[in-house]
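For reference, the structure is listed below as structure tokens.
The values are calculated or read from the model by the stated rules, or taken from the named source; none is laboratory data. Everything numeric here is computed off the predicted structure, so don't read it as measured data. A quick note on method: Cβ atoms are made from the backbone with ideal geometry, for glycine too, and the neighbour counts reach across all protein chains shown. For the accessible areas, the whole protein counts, side chains as well, though only heavy atoms, and no ligand, DNA or RNA atoms are used. Shrake-Rupley method; radii C 1.70, N 1.55, O 1.52, S 1.80 Å.
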Amino acid sequence: MKIIEAKHFDDMSLKAAQFMIEKVQRDPTITLGLATGGTPQKMYELLINDHRINGTSYHQVTTFNLDEYIGLDRHDPNSYYTYMHKALFDHIDIRDEQAFLPNGTASNLNAECERYEALIRQHGGIDLQVLGIGANGHIGFNEPGTSFESSTHIVKLTESTREANARYFNDLSEVPTEAITMGIQSIMNAKEILLLASGKKKADALYQLIHGKVDESFPASVLQRHEQVTIIADREALQKVAVSSN
Ligand code: GLP
């Protein structure tokens with residue numbers, strides 16, 4: 001695991017954007033796994049700026065998002081489809097048909113999970129997966145207790161995750177209770193992983209991710225078994241972790 005310490009949120013976002021841009025420039029046909037949430041938002045802004053100023057192209061890039069709420073229409077302002085389009089896709093030259101998210105309103109949700117997993121395989125797998133982390137160690141929407149062998153599946157969201165995400169909705173009651181998420185195994189299949197974290201709310205989670213026991217009760221701990229993980233996190237998030245280099 002490589003740990004890069006950033007000064008603060010903006011610095012984390014800059015370092016993360018530089019990391020991503022380098023990967024896309026080196027391999028313009030890269031397949032990216034993308035995350036939502038507050039953490040990568042500024043990084044996406046910086047990717048847009050770079051696209052405008054330096055012309056980094058996403059025309060041949062394919063993306064797969066980690067997760068989507070069940071029951072929200074894709075045009076709902078809180079769907080991850082809308083999030084991704086507003087935060088990134090509408091502002092770069094990615095082809096719409098190459099930017100994939102699970103469909104949370106599919107009539108057969110189990111079939112949708114299988115379709116999504118197969119689609120990732122058909123595209124040769126994910127080259128670089130971006131992750132955030134939930135305070136309870138969730139990655140994607142893989143809540144504590146999720147099998148490390150899981151592929152794309154339906155999850156019931158924990159109350160703590162619903163409460164954490166309620167800030168985007170008018171009211172907690174509007175936050176969906178279920179989601180489709182790539183599984184732990186789907187995430188681990190990515191050739192490389194970039195995990196971002198910012199703020200003291202993530203300090204315990206980062207400590208456990210890096211130094212804790214590898215156990216399904218803390219999903220992110222599985223990343224200790226992946227050979228290509230880079231963590232870019234700010235000082236507040238890393239306050240419980242001793243970072244030796246950088
Ligand atoms: C959400 C998302 C995750 C995200 C996490 C942290 O529930 N499903 O993909 O990494 O929670 O979110 P934030 O970055 O807003 O702290």
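Side notes on the structure shown:
- For region 122-172, the set of residues classified as part of a strand (DSSP E or B), more than 13 Å from the ligand (Cβ to nearest atom) and open to solvent by less than 20 Å² (accessible area, probe 1.4 Å) consists of 128 only.
- Scanning region 62-121 for residues that are aromatic (Phe, Trp, Tyr) and assigned to a helix (DSSP H, G or I) turns up 80, 81, 83, 89, 116.
- Summed over region 1-29, residues that are part of a helix (DSSP H, G or I), open to solvent by 20 Å² or more (accessible area, probe 1.4 Å), within 21 Å of residue 228 (Cα to Cα) and touching a residue at least 60 places away in the same chain (Cβ under 8 Å) total 3.
- Meets criteria (at pLDDT 95 or above and crowded, with 21+ Cβ neighbours inside 10 Å) for residue 237: yes
- Cross-chain or 6+ apart pairs with Cβ under 6 Å, region 159-178 first and within 17 Å of residue 73 (Cα to Cα), then more than 10 Å from the ligand (Cβ to nearest atom) and in a helix (DSSP H, G or I): 175/166
- Some residue of region 199-212 being outside any helix (DSSP H, G or I), modelled with pLDDT of 95 or more and open to solvent by 30 Å² or more (accessible area, probe 1.4 Å): no
Okay, residues lined up against (1) of a type in the set (A, V, I, L, M); (2) in contact (Cβ under 8 Å) with a residue 60 or more places away in the chain; (3) touching a Leu at 6+ places or on another chain (Cβ under 6 Å):
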| site | (1), (2), (3) |
| --- | --- |
| 31 | no, yes, no |
| 42 | no, no, no |
| 56 | no, no, no |
| 72 | yes, yes, no |
| 90 | no, no, no |
| 93 | no, no, no |
| 99 | yes, no, no |
| 106 | yes, no, no |
| 113 | no, yes, no |
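- Within region 100-121, the only residue that satisfies the criterion of being acidic (Asp, Glu) and within 17 Å of the chain's Cα centre (by Cα) is 117.
- Failed criterion for residue 182 (all others in (1) near the ligand (Cβ under 10 Å from one of its atoms); (2) closer than 15 Å to residue 61 by Cα hold): (2)
- Residue match in region 95-115 (condition: modelled with pLDDT of 95 or more, within 13 Å of the ligand (Cβ to nearest atom) and among the hydrophobic types (A, V, I, L, M, F, W, C)): yes
- For the condition acidic (Asp, Glu), within 12 Å of the ligand (Cβ to nearest atom) and open to solvent by 20 Å² or more (accessible area, probe 1.4 Å), residue 192 does not qualify.
- Top-ranked residue in region 195-228 [being in contact with a helix residue (DSSP H, G or I) (Cβ under 9 Å, 6 or more places away or on another chain) and farther than 19 Å from residue 135 by Cα; ranked as farthest from the ligand (Cβ to nearest atom)]: 225
- If you go through region 30-44 and keep only what is within 20 Å of residue 101 (Cβ to Cβ) and either in a helix (DSSP H, G or I) or more than 16 Å from the ligand (Cβ to nearest atom) (or both), you end up with 30, 31, 41, 43, 44.
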